[in-house]
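Reviewing the structure listed below.
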Amino acid sequence: MPRRGRHRMTGPVRLLAAAAALLVTGGIVVAAGSAAAHEDSGSDSGSDSGAASSQSDSGDSGDSGDSGDDDSGDDEQFAGRDQASPPDDDDYVDITQVSPGADGKGGQFSPAGTFRTDCGRNADGAHRNSDNFVLAPGKRNGAQHVHDYVGTTATFDSSDDQLQSADTTCGNGDRSTYYWPVIRDLNGTGDDEDDDGGGKDGNEGSITAPSSVDLTFHGNPKEDVVAAPQALRLATGDAKAGTEGDQNANAKWTCTGFEDRTTTKYPECPQGSRLVRILDFPSCWDGENTDSDDHRSHVAFPEEDGSCGEGTQPIPALRMTLTYDRPDGTDFAVDSFPDQQHDPKTDHASSINFMPKSLMKRAVRCINDGIAC
């Protein structure tokens, strides 16, 4: 059940309009296209045959049963559009009223060694789409909200070979993928207002690029880490936590100057303080699989004391820290599935490891030797 009673009844209106158009013209309503990823003009030469590129990309063939050409069935294909709604006032909290401390999974690190990979922040918005090729591989608009990407420029229905051979926004040849849902200024108007993943799915407002993106790998407090395998899929948080519960939820919001506390609500930051999202990933690997049926169970979060459970071993623990010059007050929200109504608990992120093996070895050495690299 949705958590709120107010909805934008845009879905039925579009269905009636589509039916009327069919009666009058006998024609087919052609979809305007999805919010597919733009080619990264800063690093992508255009030779990547597997990448999600511009909004005219015909890569929708990866979505079984949908050619992407008929908009009249979109509200059936993309469920929940009639439940879209802006966030509630109760979704926000004054960060100064949040008690120090941090809930959520992950974050138990060894005190010294780290490895940071610099992949930029997608400042020009050239690398976005509304797909999710970790949790919904091959499905057009599988997220029904827009993701920011850094790392490899191949992101839709791409094979591992394509991911490894594409250009990258990262230094040191890191062709990993790192992505998360965008933040929007609710006072603005997005250029995807009429697109899948944008306004069609209740994600309205102008997208706000992060002012900084920090991707740092940490050690385990109980034992040395081992190298993460190439093609390892990782996911943190749950994009449907608003309706499916907190089992996989892992949202951590805070503000600069208040990093000693986090909240699962949107924080209202004082003047001069910036919005911060912390996304901790599972770091206990089963030692065998790079993916699983649910895209989660091949890795786990550490126990409360930081140790990895039986049958798993620690790998470098990825923490994403995203910082924003947020709009004033409460006029911002994270993109979400329409029926999640921008619940801040739905914050999430995903990654696929394609660091060169030599770079991963360096990361492991820095972490285990207590060096900040």
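Once the Cα-Cα distance is subtracted from the 0.36 nm per residue extended length, the E303 to Q97 segment shows a gain of 71.3 nm. Placing unit charges on the Cβ atoms only, positive for Lys and Arg and negative for Asp and Glu, gives segment 237-373 a dipole magnitude near 680 debye about its Cα centre.
Measuring r between the beta carbons of L186 and Q271 and using R0 = 22 Å, the FRET efficiency lands at 0.70.
When each of the peptides 92-105, 232-245 is scored by how many other beta carbons lie within 10 Å of its residues on average, the order from highest to lowest is 232-245, 92-105.
Ranked by the mean number of other Cβ atoms within 10 Å per residue, highest first, peptides 329-338, 361-370 order as 329-338, 361-370.
On the beta carbon distance between N289 and S159, with R0 = 25 Å, the FRET formula returns roughly 0.90. Here Y266, Y324 are placed in order of increasing Cβ neighbour count within 10 Å, fewest first, which gives Y324, Y266.
Given their separation in residues at 0.36 nm each and the Cα-Cα distance between them, Q313 and S211 gain 33.3 nm when the chain is fully extended. In terms of its C-alpha gyration tensor, segment 237-287 has an oblate overall shape, because the principal axis ratio a/c (a ≥ b ≥ c, square roots of the eigenvalues) is not below 1.5 and a/b does not outweigh b/c.
Pairs exceeding 24 Å between alpha-carbon atoms, taken from K200/K345; K139/K361; K105/K265; K105/K240: K139/K361. Label reach from C373 (point 7 Å along Cα→C-beta): in segment 175-193, amide nitrogens under 19 Å belong to 175-177.
Which distance in Å, rounded to a whole number, links the C-alpha centroids of segment 348-373 and segment 180-215? Measuring centre to centre over Cα atoms gives 30 Å.
Read-outs throughout are calculated quantities, based only on the coordinates presented, and are distinct from any laboratory measurement. Values in this document were obtained by computation on a predicted structure and should not be read as measured data. A quick note on method: Cβ atoms are made from the backbone with ideal geometry, for glycine too, and the neighbour counts reach across all protein chains shown.
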